[in-house]
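The values are calculated or read from the model by the stated rules, or taken from the named source; none is laboratory data. Nothing here was measured: the structure is a model prediction, and the numbers come from that model. Cβ: placed from backbone, ideal geometry, glycine included. Neighbour counts: every protein chain shown.
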Amino acid sequence: MLNIENFALLIEYEKLFTLDNFILSDKQKALIIGNNDTGKSLFLKAIHGEHTEFEGNIFIKEKPAIFYRKRKKTILIENSVKFLPKESIWKNIVLPLDKKKFNKEEKIIELCNIAGLGEIYNSNADNLSYSSQKLVELIRAVIQQPYLILIDDIDNYFDDIKMVRVNEIVKFALDNGTSIICTSKKKLDDFDISCRIQNGKMVQL
């Protein structure tokens, strides 16, 4: 599904790291481990089609990554929260969905229950903690069923208890064919592929 070849991530013409080859299949989860200065966040932006300063090729389903960004087939979740704080949790989840094809109420309620938001999804989103806000973003992402969800610094948002909920929500995405890439500063469990950025290279563990 995702194929990256002969890749070098650049910023202002300086190479941050290189990567010979990376393949991620449908329904797989990958973890990219690295410190803040390694370029792991820019790597996700390059896959998303947002950062274009790199060498090599990034293909999603045999088309360049930028092709899918325009069609919202990749979703990037960053450290900053992206939602409408004065609107309800529910509205923040369903906002991107096509109203004519909207038939996912039961699944959204199920995911809200998993996230611990089942009794408050009609409340304003600005009353939530940061980690709960990120759970709302995650539910909104998986319910859209994109080809690829990119989650930057996942260890910043969720403790071990919340990660159990995250894995249940992510399972819905995986079961529907979505692939997941997360970045983290530390090794995490339950990933099909784990890579580390070190000494100017990204290597698979």
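Going through (1) on the phi > 0 side of the Ramachandran plot; (2) assigned to a strand (DSSP E or B); (3) in contact with a helix residue (DSSP H, G or I) (Cβ under 8 Å, 6 or more places away or on another chain) one by one, GLY56 falls short only on (3). Scoring SER129 on the criteria (1) among the polar types (S, T, N, Q); (2) over 25 Å from HIS51 (Cβ atoms); (3) in contact (Cβ under 8 Å) with a residue 24 or more places away in the chain leaves a single failure, condition (3). Scanning region 1-24 for residues that are among the polar types (S, T, N, Q) and surrounded by 13 or more Cβ atoms within 10 Å (Cβ to Cβ), we see that the one that is farthest from LEU205 (Cα to Cα) is ASN3. Answer with yes or no whether SER131 is of a type in the set (Ser, Thr, Tyr), closer than 22 Å to SER41 by Cα and modelled with pLDDT of 95 or more. The answer is no for SER131. The residue that is surrounded by the most Cβ atoms within 10 Å (Cβ to Cβ), among those in region 27-37 that are at pLDDT 95 or above and outside any strand (DSSP E or B), is GLY34. Yes or no: ASP155 without any contact (Cβ under 8 Å) to a residue 24 or more places away in the chain, out of contact with any Gly (no Cβ under 8 Å at 6 or more places or on another chain) and either of a type outside the set (Ser, Thr, Tyr) or buried (at least 20 other Cβ atoms within 10 Å of the Cβ) (or both)? So ASP155 fails the test. You will find that of ASP190, ASP155, the residue that is out of contact with any Pro (no Cβ under 9 Å at 6 or more places or on another chain) and assigned to a loop (DSSP other than H, G, I, E, B) is ASP190 and no other. Scanning region 78-122 for residues that are of a type outside the set (Asp, Glu) and either assigned to a helix (DSSP H, G or I) or on the phi > 0 side of the Ramachandran plot (or both) yields a count of 17. Among the residues examined, LYS82 does not qualify as modelled with pLDDT of 95 or more, over 21 Å from MET202 (Cβ atoms), out of contact with any Cys (no Cβ under 9 Å at 6 or more places or on another chain) and not hydrophobic (A, V, I, L, M, F, W, C). Against the criterion of being under 28 Å from ASN3 (Cβ atoms), of a type in the set (Lys, Arg) and modelled with pLDDT of 90 or more, LYS171 qualifies. Number of residues in region 132-152 that are in contact (Cβ under 8 Å) with a residue 60 or more places away in the chain and part of a loop (DSSP other than H, G, I, E, B): the value is 4.
Residues of region 71-90 that are without any contact (Cβ under 8 Å) to a residue 40 or more places away in the chain and surrounded by fewer than 19 Cβ atoms within 10 Å (Cβ to Cβ): ARG71, SER80, GLU87, SER88. Scanning region 172-198 for residues that are among the basic types (Lys, Arg) and surrounded by 14 or more Cβ atoms within 10 Å (Cβ to Cβ) gives LYS185, ARG196. Counting the residues of region 174-187 that are in a loop (DSSP other than H, G, I, E, B), touching a strand residue (DSSP E or B) at 6+ places or on another chain (Cβ under 9 Å) and more than 8 Å from LEU31 (Cβ to Cβ) gives 3. Residue selection: ALA141 fails the criterion of being modelled with pLDDT under 85 and closer than 17 Å to THR178 by Cα.
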